[in-house]
Each structure stands twice: as structure tokens, then as C-alpha cells.
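A short write-up of the structure that comes next.
The values are calculated or read from the model by the stated rules, or taken from the named source; none is laboratory data. A quick note: this is a predicted structure, and the numbers were derived from the prediction, not measured. In this analysis, Cβ positions are derived from the backbone assuming ideal geometry, glycine residues included, and neighbour counts consider all displayed protein chains. To get the accessible areas, we keep the full protein, side chains included, count just its heavy atoms, and leave off ligands, DNA and RNA. Shrake-Rupley method; radii C 1.70, N 1.55, O 1.52, S 1.80 Å.
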Amino acid sequence: MGAQLRVYKRRIRSVSATKKITRAMEMIAASRIVKAQRRVAASTPYATELTRAVTAVATGSNAKHPLTTEAEQPRRAAVLLLTSDRGLAGGYNSNAIKTAEQLSERLRGEGKEVATYIVGRKGVAYYQFRERAIAQSWTGFTDDPDYADAKQVADPLIEAIQQDTDEGGVDELHIVYTEFVSMLTQTPVDNRLLPLSLDSVSSGALEGGSEGAGTEGAPKTGGVRPLYEFEPSAEGVLDALLPRYVESRIYNALLQSAASKHAATRRAMKSATDNAGELIESLSRLANAARQAEITQEISEIVGGSAALSDATAGSD
């Protein structure tokens, strides 16, 4: 019985140590969410104004630019998947990967070859374990991304969409990330960044627009549209604006994903802490029962020994 009590006490100490760790991780994640939310809010005005400028060029000119012109027969599409470098975030990474898988299947069903670009060690590990091709990957900055990281990711994607498909280029650019809705809700989404859809632009929203960066400031249908003059040319303006547009959208998606990851980590660690507390209570009850049983057994042995001694003494008399 004593051995069983020692086992319970050892398990209680182990679970208590785990509870302290998960509680600390929960508090750290909660403190990071606030910062991540502020960064998302700060990046939105820039993305909004930049989208307004790109929209003005796309709708105010007849320029045929590779970043705004639909390919007649698109053959290749790039999919950028945003995951995290670390786990312990519940279903955050698995949901994003599942959304990317569904998008890739849909694109392949349309007869397009898919080139996968991945941010985050979890996504890279998932594809490498299954021996799937990865066009390019980036790791090490998912918890706290900055604009330089977004530019690092955007540069090869912009280069790929400007190249001919026979030379390894792509006709479309899609992004899969986790949108931060609230502390309790984070939704994986897939958006098409390029080429811009002129139909959606003319209706006042960019295809794949989110975070307030697609509809706000876009031209409205009906009425007289403003007449723009571009210097040096509409093509030159597109060459300058669209790379910045891609960078800003990827940067916003990185920030959204970081905030979502911290929220998912906080929720997962809170659940782990609560479960550890319940397990400690259960083990404590079992330990108390074992201790009471041990005490009862010792009392019974003492009483039995005393009775036997009394009987022996009475017999000798």
C-alpha cells in the first residue's frame, strides 16, 4: 500500500510541474496577443491606401500588365502557406495545412500545376515527411514577423509571376493563412492575390481582399468614374505599386497568422492547465484514499496484534 501512495505522490509532483509550465506559456501567449493585434491594426491603413492606389490604376487605365491580366489558359499556380515555427497551438497548423491541401486539389482539378511555398517549420515538416515538393520555404520569424520578412517572402513570388510558365513562372498567386477574428475564433482562409480580378475590382472589392484592405477605398459602381493621368505611364505605376501591394498583403497575413497562433496557444495552454488541475485533484483523492486505507490497515494490525497478545496472556494464566 505504501508503494502505491508513493506512485500517486510522484505523479502529483510531475503533473504540478507540467501545470506550472502550461500556465506560464498561457500567460506569455496572452501578453503577445495584444502586441500582435496592435500590429495588425497598424498595418491595415497602409494596406488600404495601397489597395486604393492599385485599384485606381487597374480600373482607370487599359494597361495590360502581367500582374493584372488574366492568362488565357493558366497552367501553373503558386500557393503560399503560412504556418508557425512551433507547435502547442491546438489545431492551428493542421487547419491551415488542410485548407492549403483543399486549395491545391481544387487548382489541380482545374488543370493547373501547383507550386507550394511555405512559411513556418510545421508546414515544412509536414510536406517533407510526405516527400512533397516545396518550391521555397522560410522559417524563424513566424512569432514576430516584420516587413523585411514579408519582402523576403514576396520577392521570389513576384519574380515567379512575372516569368513565363515555361521558365518556371506561375500564372496565379494564392495565399493560405489564419485570419484573426477574435480571441476565441481564428479562421483559416485562402485568397487569390494575383492577378487582380477586374470584375471584382470594378464591383468595389478585390478578389481575396480581407482585413479591410480590399473594399475600403475601392471605386464604386455607377456614377461617373474619375479620370486619371499616370506619370510616367500606367505600366510604370503598376510596376512600382503592385510589388508593394503583394508585400503589404503578405505582411498583413503574417501578422494575422501570428496573432491567431498566439490566441490558439493561449487557448490550448489554458485547456492543458485546467486538465492538469483536474488530474491533480483526482490523484489527490486517490492518494488520500490510499493513505486512509494504509492507516486503517495499520490500525487493524495493531488491534489484531493486541488481541492476540491478550489471548496469549490469558491462556498462560
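Seen from every direction in turn and averaged, the convex hull around the alpha carbons of the chain projects onto 23.2 nm². The slack between Ser306 and Lys64, meaning 0.36 nm per residue of separation minus the straight C-alpha distance, is 76.7 nm. By a 1.4 Å probe calculation restricted to protein chains, Tyr147 has an accessible surface near 70 Å², given to the nearest 10.
Normalised radius of gyration (Cα atoms, divided by 2.2 N^0.38 Å) for the range 146-194: 1.46. Counting only protein heavy atoms and a probe of 1.4 Å, the accessible surface of the range 248-296 is 51% carbon and sulfur.
Can you give me the accessible area per residue for the range 126-173, using a 1.4 Å probe, in Å²? Please report the intermediate quantities before stating the final value.
Numbers: 2600 Å² over 48 residues.
About 54 Å² of surface per residue is accessible.
For the range 274-288, the Karplus equation 6.51 cos²θ - 1.76 cosθ + 1.60, evaluated at θ = phi - 60°, returns couplings of 5, 5, 5, x, 5, 5, 4, 4, 5, 5, 5, 5, 5, 5, 5 Hz by residue, with Gly and Pro reported as x.
Rolled with a 1.4 Å probe across the full set of protein chains, the surface gives Glu235 an accessible area near 80 Å². Note that the range 296-311 has calculated 3J(HN,Hα) couplings of 4, 5, 5, 4, 4, 5, 5, 4, x, x, 5, 5, 5, 5, 5, 5 Hz, one per residue in order, obtained from phi through the Karplus relation 6.51 cos²θ - 1.76 cosθ + 1.60 (θ = phi - 60°); glycine and proline are x.
Here the Karplus curve 6.51 cos²θ - 1.76 cosθ + 1.60, taken at θ = phi - 60°, turns the phi angles of the range 259-269 into couplings of 4, 5, 5, 5, 5, 5, 5, 4, 5, 5, 5 Hz, with x standing for Gly and Pro. Full extension of the segment from Gln297 to Gln163, taken as 0.36 nm per residue of separation minus the current Cα-Cα distance, would add 40.0 nm. Among Ile250, Ile21, Ile280, the order of accessible area from largest down is Ile21, Ile280, Ile250, computed with a 1.4 Å probe on protein heavy atoms. With the whole protein complex present, Glu278 retains an accessible surface near 120 Å², based on a 1.4 Å probe.
Ranking Phe230, Phe141 from most to least accessible surface, computed with a 1.4 Å probe over the protein chains only, gives Phe230, Phe141.
Amide H contacts for Glu179 (H built 1.01 Å from N in the peptide plane; partners 5 or more residues away or on another chain; cut-off under 5 Å): Thr187, Val189.
Straight-distance candidates among the aspartates and glutamates for linking to Lys270, with alpha-carbon spacing under 13 Å and chain neighbours fewer than 8 residues away dropped: Glu26, Glu278. Note on the chain: with charges restricted to the Cβ of Lys and Arg (+1) and Asp and Glu (-1), its dipole about the Cα centre is near 1240 debye. Listed by chain and number, the lysines whose C-alpha is less than 19 Å from the C-alpha of Lys35, apart from same-chain residues fewer than 8 away, are Lys261. The Rg/Rh ratio of the range 83-187, with Rg taken over Cα atoms and Rh as the Kirkwood radius over Cα pairs, comes to 0.96.
Near Glu113, the amide H atoms lying under 5 Å from its own belong to Arg76, Ala77; only residues 5 or more places off or on other chains count, and H is placed 1.01 Å from N. Here the range 133-201 exposes an accessible surface that is 45 percent carbon and sulfur, computed with a 1.4 Å probe and the other protein chains kept in place. Counting only protein chain heavy atoms and rolling a 1.4 Å probe, the accessible areas of Val7, Val189 rank, largest first, as Val7, Val189. Label-to-label distance for Ser16 and Arg130 is 4.4 nm, based on points extended 7 Å past Cα in the beta-carbon direction.
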